[in-house]
Amino acid sequence: MDLQKFGVKLFFNTNGSYSSKDFVPVFHNWIQDKAIDDHLLIDVTDYSHIPDGPGVMLIAHEGNFSLDQESQQPGIMYMRKTEIAGSFTERFNKVLSTVIKAANRLNDNNISKQVDFTPNSFRFIANDRLYAENTADNQDLYKQKIQKALDGKYPDSQFEFGDVSDENERLAFTVNFSNDIDILEEN
């Protein structure tokens, strides 16, 4: 289980007026403030003109943060690029924690824009077809691994998997909690 390149996306609740471009100065401030622990923040790129694209991206050596627009479901995504020590559960928890901290920091922006997150859902995306080819067996394998990690982190929670990616896409699925859990509250 060597998958290192994967990410988590937290979804925005949006009323249709969301613009990722508004957050370019926020990401520039993050670079200036060295706002993300254990990350070398490098640059901000604007792909908001691409339909279903990555929106605005904050490039870091360790991984990229983006205000992703894929499938007309805006959200903040963190995609890890470099290795993290530990088991898959430990690596997943680190990536999840990183995107949650980024989401909370995004809420505390200095441009007076409100960001409202869906508190009980996220998307897992594998970004390495060598270690996580999108097959039914691998979907099952990673769902089991994610379930194990979530059972440890949220032991009393019920959740289901949905929105499984097509075989020509990267391995991905959405996790929807069925109770009133708020994953943005780090425990």
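The values are calculated or read from the model by the stated rules, or taken from the named source; none is laboratory data. Worth saying up front: this structure is predicted, and the values here are computed from it rather than measured. Every residue, glycine among them, receives a Cβ derived from its backbone with ideal geometry; neighbour counts consider all protein chains shown. In case anyone asks, the SASA skips ligands and DNA or RNA and just uses the protein heavy atoms, side chains included. Shrake-Rupley method; radii C 1.70, N 1.55, O 1.52, S 1.80 Å.
General observations
- Only a single item in (1) under 15 Å from residue 6 (Cβ atoms); (2) in contact with a Leu (Cβ under 8 Å, 6 or more places away or on another chain); (3) not β-branched (Val, Ile, Thr) is not met by residue 92, and it is number (2).
- Single residue of 126, 136, 103 found to be aliphatic (A, V, I, L, M) and in contact with a helix residue (DSSP H, G or I) (Cβ under 9 Å, 6 or more places away or on another chain): 126
- Residue count for the stretch 110-134, restricted to those that are hydroxyl-bearing (Ser, Thr, Tyr), under 15 Å from the mean Cα position of the chain (by Cα) and open to solvent by 20 Å² or more (accessible area, probe 1.4 Å): 1
- Residue match in the stretch 173-187 (condition: open to solvent by 30 Å² or more (accessible area, probe 1.4 Å), at pLDDT 95 or above and more than 26 Å from residue 38 (Cα to Cα)): yes
- Residues that are touching a Lys or Arg at 6+ places or on another chain (Cβ under 7 Å), open to solvent by less than 30 Å² (accessible area, probe 1.4 Å) and not in a strand (DSSP E or B) within the stretch 33-84 comprise 35, 62, 84, listed in sequence order.
- Residue 22 closer than 29 Å to residue 120 by Cβ, among the acidic types (Asp, Glu) and either open to solvent by less than 20 Å² (accessible area, probe 1.4 Å) or outside any helix (DSSP H, G or I) (or both): no
- For the stretch 24-32, the count of residues that are of a type in the set (A, V, I, L, M) and touching a Phe, Trp or Tyr at 6+ places or on another chain (Cβ under 6 Å) is zero.
- Taken over the stretch 147-172, residues that are open to solvent by less than 50 Å² (accessible area, probe 1.4 Å) and part of a loop (DSSP other than H, G, I, E, B) amount to 4.
- Of residues in the stretch 85-118 being part of a loop (DSSP other than H, G, I, E, B) and not small (Gly, Ala, Ser), the one farthest from residue 29 (Cα to Cα): 116
- Of all the criteria given as (1) buried (at least 19 other Cβ atoms within 10 Å of the Cβ); (2) charged (D, E, K, R); (3) without any contact (Cβ under 8 Å) to a residue 60 or more places away in the chain, the one not satisfied by residue 91 is (3).
- All told, residue 90 falls short of being more than 24 Å from residue 180 (Cβ to Cβ) and touching a His at 6+ places or on another chain (Cβ under 6 Å).
- In the stretch 77-110, of all residues being out of contact with any Gly (no Cβ under 9 Å at 6 or more places or on another chain) and hydrophobic (A, V, I, L, M, F, W, C), the one that is nearest to residue 23 (Cα to Cα) corresponds to 106.
- Some residue of the stretch 95-109 being surrounded by fewer than 19 Cβ atoms within 10 Å (Cβ to Cβ), basic (Lys, Arg) and closer than 24 Å to residue 181 by Cα: yes
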